[in-house]
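Heads up, the thing below is written out as C-alpha cells.
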Amino acid sequence: MSVIAQAPLEKATIRKAARFGSFARFMRYVVTRLATLFVTVVIGIYLTIMIANMGGYVDQIIRGEIRDRITNLIALNQAYQQMDPDTRRALIQEKIALEEKRQGLDTPIAIRNFRYLSNALQLNLGRAINMTSDSGSKQVRLIILERLPATLLLMGISQLFLFFSSVFIALSLSRHYGNFWDKLVIALSPSSSVPPWFYGIFLILIFASAFKVLPFGGMVDSPPPSNTFDYSMSLLKHLALPCASLILSSFFLSVYNYRTFFLVYSSEDYVDMAKAKGLPSRDVERTYILRPTLPSIITNFSLLIISLWTGALFTETIFLWPGLGRTLFQAIGLYDIPIIVGSTIIYAYMLAITVFLLDFVYALVDPRVKIGQ
C-alpha cells in the first residue's frame, strides 16, 4: 500500500521538476537573449558615433568653422578694429577656446565618444550642433518629435499599402501560376532595383513639370489652407508623388517574393493531401499555405513598422518632405552628430525590441518553435 501511495507523489514531483526546469530554461534564454541584444546595440551605437565623427576629422572641420567665424566677426566689428594686433589676436584665441569648450572640443575624442554612448543608451539625446526645430529649440528630442509625424504619414501610407497589396496580389498569382499576370510580375520584378528617388525624379518631370497636375514638393500648399477639408485635400495632393515613388520602387519585387513563398508551400505533399480530401480552396490556403508562411510575413511586417520611423532619406529630400529622412540628410551634411546618433539609437532600440519579441510571436504562430530550445 505504501508503494502504491507513493507513486502519485512521485509523479507530481516529476511534473513540478519538469515545470521548474522549463521555467528556468525559459528565463535563461530570455536573459541571454536580452544581454546579447544589448551588447549588439552598444556596439552598433558606438560604431555609429565613431563613423559620424570620422575618427576625429569632423572635430577638425568644426574647429576650422569656429576659427573662421570668430575671426570674421571680430575683424568686421568696428569696436575691435582700432585694437592692438597682438591684443586682438589674443582675444580671438580666447573666444575660440571658449567656443570649443562650449561644444566640448577640449575633451579628448575617446572620452567624448563614451560620453555620447552613455547618454545615448539613456535616451539623453542632448542638443544639436547646427540644426534647430521650427520653434527654435536645439534639443534633439524635440527636433525628432517635430519631424516624426510627417515621416509616419508618408511611410505609413506607402509601406502599409505596399505590404497588404503585395500579399493579396501574390496570393492571387499563386492560384494562377504561369498565367499572363504571373509572367508580367516576374518580368517587371527587376525594376525594383531602381531606387525610389529615381522614380521620384521622373514622376516630378511628368506630373509636376509636364502636365502640371501635381505639386513639385512640400507637404501642403503655401500658404496652408485654413479649413480642414481643403488642408486634407492639399495634403493628399502632395502625398501622391512621394508615395507613388516609394511604392513603385518595391512593388513588383515584393509581390514576386511573397508569390514565391506561397508557391513553395502550396507544392507540399500535405497540401495535395488536403485537396484530395475535398477541403475547400479557401480552407487549404488559410490552414496549409498562409499559416506556414506567417513567420516570414510577420518578420517583414515588423521590419516594415520599424522603417516607418526612419523615413526615406533621398526621397524626402527630393520632394522637400519635412520628415526624419530629410532631417537626417541635412544632419549628415552639417556634421550634426547628435542628430545622427539620436536617429540611430531610436532605430537600434526598436530593432532590438522587435527581434526579441519576434521569438515569442514565432512560438505562437508555429508550434514547431520552442522558446529556449
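The values are calculated or read from the model by the stated rules, or taken from the named source; none is laboratory data. Fair warning: this is a prediction, and the values are worked out from it, not measured in the lab. Quick reminder, even Gly has a Cβ in these numbers, built from the backbone with ideal geometry, and neighbours come from all protein chains shown.
Among the numbered conditions (1) over 18 Å from Ile169 (Cα atoms); (2) among the polar types (S, T, N, Q); (3) within 30 Å of the chain's Cα centre (by Cα), tell me where Ser226 comes up short.
(3)
Which count do you get for residues in region 142-172 that are surrounded by fewer than 16 Cβ atoms within 10 Å (Cβ to Cβ) and either closer than 16 Å to Asp336 by Cα or of a type in the set (A, V, I, L, M, F, W, C) (or both)?
6
Please pick out the residue among Leu105, Leu34, Leu91 that is modelled with pLDDT of 85 or more and within 41 Å of the chain's Cα centre (by Cα).
Exactly one of Leu105, Leu34, Leu91 is modelled with pLDDT of 85 or more and within 41 Å of the chain's Cα centre (by Cα), namely Leu34.
In region 195-223, which residues are under 23 Å from Leu152 (Cβ atoms), surrounded by 11 or more Cβ atoms within 10 Å (Cβ to Cβ) and either among the hydroxyl-bearing types (Ser, Thr, Tyr) or over 29 Å from the mean Cα position of the chain (by Cα) (or both)?
Correct list: Tyr199 only.
Across region 46-88, which residue is nearest to Gln103 (Cα to Cα) among those that are of a type in the set (Lys, Arg) and under 48 Å from the mean Cα position of the chain (by Cα)?
Arg63
Per-residue answers, yes or no, for (1) within 19 Å of Ser193 (Cα to Cα); (2) touching a residue at least 60 places away in the same chain (Cβ under 8 Å); (3) of a type in the set (A, V, I, L, M, F, W, C):
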residue: Ser267; (1), (2), (3): no, no, no
residue: Val271; (1), (2), (3): no, no, yes
residue: Leu279; (1), (2), (3): no, no, yes
residue: Leu290; (1), (2), (3): no, yes, yes
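Pairs under 9 Å by beta carbon, first residue touching a residue at least 24 places away in the same chain (Cβ under 8 Å) in region 100-113, partner surrounded by 11 or more Cβ atoms within 10 Å (Cβ to Cβ) and assigned to a loop (DSSP other than H, G, I, E, B), six or more apart or different chains?
Taking only residues 6 or more apart or on different chains, the pairs are Glu100/Asp106; Gln103/Ile129.
Which residue, of Lys183, Lys237, Lys212, is under 19 Å from Phe168 (Cα atoms), among the basic types (Lys, Arg) and without any contact (Cβ under 8 Å) to a residue 40 or more places away in the chain?
The conditions single out Lys183.
Somewhere in region 134-147, is a residue over 20 Å from Asn119 (Cβ atoms), touching a residue at least 24 places away in the same chain (Cβ under 8 Å) and either not assigned by TED's automatic domain parsing to the domain that holds Leu324 or not small (Gly, Ala, Ser) (or both)?
Among the residues of region 134-147, at least one is over 20 Å from Asn119 (Cβ atoms), touching a residue at least 24 places away in the same chain (Cβ under 8 Å) and either not assigned by TED's automatic domain parsing to the domain that holds Leu324 or not small (Gly, Ala, Ser) (or both), which makes the answer yes.
Counting only residues that are under 14 Å from Ile201 (Cα atoms), surrounded by 24 or more Cβ atoms within 10 Å (Cβ to Cβ) and polar (S, T, N, Q), how many does region 308-330 have?
1
Would you mention how many residues in region 90-113 are farther than 19 Å from Glu65 by Cβ and part of a helix (DSSP H, G or I)?
4
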